[in-house]
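The values are calculated or read from the model by the stated rules, or taken from the named source; none is laboratory data. Given the structure is predicted, the values throughout are model-derived calculations rather than measurements. Note: ideal-geometry Cβ built from the backbone for every residue, glycine included; neighbour counts use all protein chains shown. Heads up: the accessible areas ignore ligands, DNA and RNA and are worked out on the full protein's heavy atoms, side chains in. Shrake-Rupley method; radii C 1.70, N 1.55, O 1.52, S 1.80 Å.
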Amino acid sequence: MTSVVVVDYGAGNTRSVRSALRRLSYESVLTSEPSAILDADIVVLPGVGSARSAMEHLTSTGAVTAIRERFSAQRAIVGICLGMQLALDRSEEDGGVAGLGLIPGEVRRLSGGRVPRLGWQLVTPVNEAFYFAHSYFADTPCATGFSEEVTAIVESDAFIGLQFHPEKSGDAGLRLLEQCLTRA
Amino acid sequence: MAHGRVVKGVSFVGLRDVGDPVELATHYSDGGADELVLLDIAATPDDSSTMLEVVAMVADSITIPFTVGGGVRSVRDAAAIIEAGADRVSLNSAALATPSLITEIADRFGSQAVVVAIDAGDGVVHTHGGRRPTEVQTIPWAREAGERGAGEILLTSIRQDGQRTGFDLELTAAVRDVLTIPVIASGGAGSAQHVAEALRVTEAALIASIVHENPTGLPGLRREIESFGIALRPWKERA
């Protein structure tokens with residue numbers, strides 16, 4: 001059986017991600033334990049909380065080192081929303097926070113339109129609508145999917161990141177999450 | 001909601017039981033709702049564990065975002081609701097009493113997790129389920145809520161609530177004009193045309209009575225809204 005770790009950063013809604021995984025027949029463990037992060041078949045970085053508190057929590061538990069090691073070994077990591085943004089070099093959020101540095105780029109505040117950007121938006125080239133809830137976006141050369149010119153999907157080696165919430169995007173979201181997991 | 005059941009009133013009074021929250025939430029999620037709002041309008045401290053159980057069951061049963069409000073008085077209350085699986089909490093009288101609560105919750109969970117609900121009537125904000133007018137002016141309060149870190153305003157017109165005569169478009173536009181965050185219009189939806197009118201003015205419209213009366217009518221309502229030239233998200237009814 002595929003082992004899935006959902007990384008715990010000590011804040012927010014991880015229940016919905018785990019519930020979506022269960023719908024796709026993946027049982028998951030919620031932890032920030034470095035050995036579990038290294039050993040799992042798939043690691044999911046969920047999208048909750050703020051950049052600073054997430055990075056502080058991941059640093060204090062030793063998860064940062066484990067995630068970087070895992071990425072170097074080209075082992076699957078799926079990042080959702082903030083979990084995708086943390087993979088970049090740095091973020092403007094909370095007055096500037098260093099990220100995991102797995103993929104090049106910076107997280108910047110959205111400008112133009114109403115912020116936070118809330119709601120269902122079409123993603124290309126998937127050509128389905130997914131649910132977005134964010135105030136920051138990933139400015140990275142690794143973007144492979146877009147929604148209204150905003151980075152929606154990021155891919156680099158064994159990392160795949162989604163700006164939107166597949167666990168909150170109905171049947172289309174579950175299908176895409178399954179693709180991310182099986183690709184991993 | 002009240003005491004673990006879904007209820008609906010007219011102008012916030014005369015509440016009728018319309019069903020089980022988990023069952024209805026699943027039905028609406030499958031029927032093409034974009035997101036759900038669960039408001040506990042009879043929230044007392046004794047009810048909080050019942051509400052958390054409902055939130056967890058809803059989270060496990062649906063695949064769309066949902067907001068939970070009623071009885072959120074502290075960061076701790078908000079954390080419990082979000083940990084139980086809600087995407088956002090909605091603050092109403094607690095935000096009026098302690099405006100710093102908006103910022104505290106936004107700092108911990110992000111602005112997108114904080115909705116400030118405003119029950120508006122005669123230019124002022126009302127509390128206690130719309131029954132008690134305050135001296136707080138609606139528009140300045142909406143602006144302040146946004147500045148303090150709210151990610152969205154749920155704006156209910158007390159006069160229109162449950163009347164099914166259409167949203168208060170003037171109020172919605174006036175509040176939206178002073179904000180940079182999205183505004184959900186609420187109160188008064190009686191037809192697809194009313195929803196379409198609201199969606200020409202703002203980002204989102206909340207419907208309650210029209211679907212609670214006819215829960216299987218949601219896919220049809222979506223099509224009818226689209227027939228007024230409103231682009232909803234692409235959605236397919238399950239075979």
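Considering B:Leu171, B:Leu206, B:Leu232, which residue is touching a residue at least 12 places away in the same chain (Cβ under 8 Å), more than 14 Å from chain A (Cβ to nearest Cβ) and under 30 Å from B:Ala106 (Cα atoms)? It would help to see each step written out before you state the result.
Numbers: B:Leu206 fails: more than 14 Å from chain A (Cβ to nearest Cβ); B:Leu232 fails: more than 14 Å from chain A (Cβ to nearest Cβ).
None of the others qualify; the one that does is B:Leu171.
For the range A:150-184, which positions are at pLDDT 95 or above, over 11 Å from the mean Cα position of the chain (by Cα) and of a type in the set (Val, Ile, Thr)?
Hits for the range A:150-184 are A:Val150, A:Thr151.
Looking only at the range B:74-91, how many residues end up being within 10 Å of chain A (Cβ to nearest Cβ) and of a type outside the set (D, E, K, R)?
Residues of the range B:74-91 within 10 Å of chain A (Cβ to nearest Cβ): B:79, B:81-88.
Those still in the list that are of a type outside the set (D, E, K, R) too: B:79, B:81-82, B:84-86.
Result for the range B:74-91: 6.
Of the conditions (1) in contact (Cβ under 8 Å) with a residue 12 or more places away in the chain; (2) assigned to a helix (DSSP H, G or I), B:Thr67 clears all except one; give me its number.
(2)
Identify, please: which residue in the range B:5-33 is open to solvent by 20 Å² or more (accessible area, probe 1.4 Å) and assigned to a loop (DSSP other than H, G, I, E, B) and is, among those, farthest from B:Ser61 (Cα to Cα)?
B:Ser11
For every residue, the table says whether it meets (1) away from chain A (no Cβ under 11 Å); (2) more than 18 Å from B:Val22 (Cβ to Cβ).
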{"residue": "B:Thr63", "(1), (2)": "no, no"}
{"residue": "B:Val72", "(1), (2)": "yes, yes"}
{"residue": "B:Ser93", "(1), (2)": "yes, yes"}
{"residue": "B:Glu104", "(1), (2)": "yes, yes"}
{"residue": "B:Ala113", "(1), (2)": "no, yes"}
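Every residue in the range B:115-144 that is closer than 20 Å to B:Leu38 by Cβ and within 14 Å of chain A (Cβ to nearest Cβ), please.
Start the filter on the range B:115-144 by keeping residues that are closer than 20 Å to B:Leu38 by Cβ, which leaves B:115-119, B:127-130.
Once the filter is applied, which keeps residues that are closer than 20 Å to B:Leu38 by Cβ and within 14 Å of chain A (Cβ to nearest Cβ), the range B:115-144 yields B:Val115, B:Val116.
Taking B:Asp60 as the residue in question, decide whether it is under 22 Å from A:Val17 (Cα atoms), in a loop (DSSP other than H, G, I, E, B) and open to solvent by 20 Å² or more (accessible area, probe 1.4 Å). Before the answer, list the steps.
Working: under 22 Å from A:Val17 (Cα atoms): yes; in a loop (DSSP other than H, G, I, E, B): no; open to solvent by 20 Å² or more (accessible area, probe 1.4 Å): yes.
Taking the combined requirement at face value, the residue does not satisfy it.
Inside the range B:190-203, can you point out the residues that are within 20 Å of B:Arg159 (Cβ to Cβ) and of a type in the set (A, V, I, L, M)? Show your work before the answer.
Of the residues in the range B:190-203, the ones within 20 Å of B:Arg159 (Cβ to Cβ) are B:190-191, B:193-195, B:197-198, B:201-202.
Matches in the range B:190-203: B:Val195, B:Ala198, B:Val201.
Tell me which helices (runs of 4 or more DSSP H) are completely within the range A:1-107 and hold 1 or more residues being without any contact (Cβ under 8 Å) to a residue 12 or more places away in the chain and either open to solvent by less than 10 Å² (accessible area, probe 1.4 Å) or over 21 Å from B:Asp87 (Cβ atoms) (or both), or say none if there are none.
Details: elements: A:15-23, A:34-39, A:51-60, A:63-72, A:82-85.
Correct list: A:51-60, A:63-72.
Could you tell me which residue of the range A:108-121 is surrounded by the most Cβ atoms within 10 Å (Cβ to Cβ), considering only residues that are modelled with pLDDT of 95 or more and more than 7 Å from every other protein chain (Cβ to nearest Cβ)? Full working, then the answer.
Here is the first cut: in the range A:108-121, the residues modelled with pLDDT of 95 or more are A:108-110, A:114-121.
Then drop every residue that is not more than 7 Å from every other protein chain (Cβ to nearest Cβ), which leaves A:108-110, A:117, A:121.
Details: A:Arg108: 16, A:Arg109: 12, A:Leu110: 14, A:Arg117: 23, A:Gln121: 18.
Filtering the range A:108-121 for residues that are modelled with pLDDT of 95 or more and more than 7 Å from every other protein chain (Cβ to nearest Cβ), the one surrounded by the most Cβ atoms within 10 Å (Cβ to Cβ) comes out as A:Arg117.
Residue by residue through the range A:129-184, note down the ones that are charged (D, E, K, R), within 14 Å of chain B (Cβ to nearest Cβ), in a helix (DSSP H, G or I) and open to solvent by 10 Å² or more (accessible area, probe 1.4 Å). Even if it seems obvious, please write down each step before you answer.
Filtering the range A:129-184 for residues charged (D, E, K, R) gives A:139, A:148-149, A:155, A:157, A:167-168, A:171, A:175, A:178, A:183.
Applying the additional criterion that residues be within 14 Å of chain B (Cβ to nearest Cβ) yields A:148, A:167-168, A:171, A:175, A:178.
Subset that is in a helix (DSSP H, G or I): A:167-168, A:171, A:175, A:178.
Listed by number, the residues that qualify are A:Glu167, A:Asp171, A:Arg175, A:Glu178.
If I go through the range B:172-186 residue by residue, how many of them are outside any strand (DSSP E or B) and touching a strand residue (DSSP E or B) at 6+ places or on another chain (Cβ under 8 Å)?
Of all residues in the range B:172-186, those outside any strand (DSSP E or B) come to B:172-182.
In the following step, the residues that additionally are touching a strand residue (DSSP E or B) at 6+ places or on another chain (Cβ under 8 Å) were identified as B:172, B:175-176, B:179, B:181-182.
Summing the residues that are outside any strand (DSSP E or B) and touching a strand residue (DSSP E or B) at 6+ places or on another chain (Cβ under 8 Å) in the range B:172-186 gives 6.
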